[in-house]
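What follows is a set of notes on a single structure, which appears directly below.
Quick note: the coordinates plus some simple rules give every number you see, no bench work behind them. Nothing here was measured: the structure is a model prediction, and the numbers come from that model. All Cβ positions, glycine included, derive from the backbone under ideal geometry; neighbour counts span all protein chains shown.
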Amino acid sequence: MFLYQYHELLRAWMAPATFWAEAGSRTFSAPGSWLSSVPGAQRLAAGYELFYRLGKDYEKPKFDIHQVESGGREYPVVERQVLAKPFCRLLRFKRFSDEADGVHDLKSDPSVLVVAPLSGHHATLLRDTVRTLLRDHKVYITDWVDARMVAKEHGAFTLDDYVAYIEEFIRHIGADNLHVISVCQPTVPVLAAVSLMAARGETTPRSLVMMGGPIDTRESPTAVNNLATQKPLWWFETNVIHTVSANYPGRGRRVYPGFLQHAGFMAMNPERHFQSHWDFYQDLVKGDLDDADSHRRFYDEYNAVLDMPAEYYLDTVRVVFQEHLLPRGLWTVRGERVDPAKITRTALMTIEGELDDISGEGQTRAAHALCTGVAAKEREHLTVPGAGHYGIFSGRRWRTQVYPQVQSFIARHSAPAAPARGSKRKATTRRKP
């Protein structure tokens, strides 16, 4: 019951030790310090830094996207908040140019809304996704707010609220020349939002690109899926839901704490994480600063987690993983039934990683069987050989294999006036569903 409070107490108790470790690391490694030349200084500095990084708090990282190259030109990029809701900020990464033809090119680009997952990590996990998309698109992203920072008086946040947020963001940007990319968890609420808008006769986005999401978790269930089905809903409410402590704005709010989620992430591959930290220590001792810096960048992102609202988390466990309401055609959102067959004017592309251990093979592709109103020629599926979950939206495979096909798909379904810039490389595995 008081786990959150105990965690905060331990964090406060560890703070002096981590500060001391950081100071020790700098003392034994700084070029101007006489201690950096004593025997064993590198090992001492490496040990101190490893201790510091294991014990420190990890704040939400920044996107740090300040410029992008497109069509042979460099464009400055400014991050702007265009809409603020209690549990989410809608951000835009706006590109600028002083040249008339550059301005024309930028204005002609289609708009893309990237819906980031609300599943533990911050939206900055999609930094590489956003940076790559900015070459050829106007890019917006959902930046979910850490639930511990949302005052209790703002009320609960449910899966239905998530769907409503997506609808509002689509309307705010304008669906006429909008393409929506959902990564992992949001594939379900995004499909629901567009289905409901189509059923009401509203304008829907020109395309949906769904990447590694749990549309139908009965297909190739993973360890993540099995955990959700092996325990009853009351078990999750009893064991993983806790109350935010008094030192945060969201005091008293029920959440699935980020520190518990992080423990779960680490437990999935403990040997790999242990080896990674040992390699980091060895790199520091050897003076291999490039590899050490790569470790820092990865874990600065990986270790930064947020609290999820309890209502939303429990809704997701029940609707998506236990009762499979979307693929069974039984899901209702605020009294309206979610029927993806109502979508007729939005093209659909699904993307899966061959080695994805979070969303198994076929779980995302299942969207095609539901979206029967979308013509076959308007639907595509891409399976990326050798790619795990993160590889389909971040890293080399994303940039060289996945993005060219996403860019080409979006260009083909954009408004006629929007020219398609950038490379169009052949897909590794691309076929009709």
Self-check item: Counted residues, region 149-160 - those being touching a residue at least 12 places away in the same chain (Cβ under 8 Å), surrounded by fewer than 22 Cβ atoms within 10 Å (Cβ to Cβ) and in a helix (DSSP H, G or I)
Solution: 4
Quiz prompt | Complete set of residues in region 326-356 that are in contact with a Lys or Arg (Cβ under 7 Å, 6 or more places away or on another chain) and part of a strand (DSSP E or B) | solution = Ala347, Leu348, Thr350, Glu352
Quiz prompt | Hits in region 340-356 - residues which are surrounded by fewer than 19 Cβ atoms within 10 Å (Cβ to Cβ) and over 23 Å from Asn177 (Cα atoms) | solution = Glu354, Leu355
Quiz item: Restricting the search to region 274-296, which residues are of a type in the set (Asp, Glu) and more than 21 Å from Ala263 (Cα to Cα)?
Solution: Asp283, Asp288, Asp290, Asp291, Asp293
Quiz item: Only one of (1) surrounded by fewer than 22 Cβ atoms within 10 Å (Cβ to Cβ); (2) out of contact with any helix residue (DSSP H, G or I) (no Cβ under 8 Å at 6 or more places or on another chain) fails for Ala123. Which number is that?
Solution: (1)
Practice problem: Report the residue count in region 117-144 for those that are in contact with a Cys (Cβ under 6 Å, 6 or more places away or on another chain) and outside any strand (DSSP E or B). | Solution: 1
Self-check item: Members of region 5-61 found to be within 16 Å of Ala292 (Cα to Cα) and among the charged types (D, E, K, R), listed by number
Solution: Glu22, Arg26, Arg43, Glu49, Arg53
Exercise. For residues that are free of Cβ contacts under 8 Å to residues at least 60 places away in the same chain and touching a Gly at 6+ places or on another chain (Cβ under 6 Å), scanning just region 388-415, find the one that is nearest to Ile181 (Cα to Cα).
Key: Gly391
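For region 173-283, list the helices (runs of 4 or more DSSP H) that sit wholly inside it and hold at least 1 residues that are of a type in the set (S, T, N, Q) and surrounded by fewer than 18 Cβ atoms within 10 Å (Cβ to Cβ); which are they?
The qualifying helices (runs of 4 or more DSSP H) are 223-230, 233-239.
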Quiz item: Can you tell me which residue in region 95-130 is farthest from the chain's Cα centre (by Cα), limited to those that are basic (Lys, Arg) and closer than 18 Å to Ile181 by Cβ?
Solution: Arg95
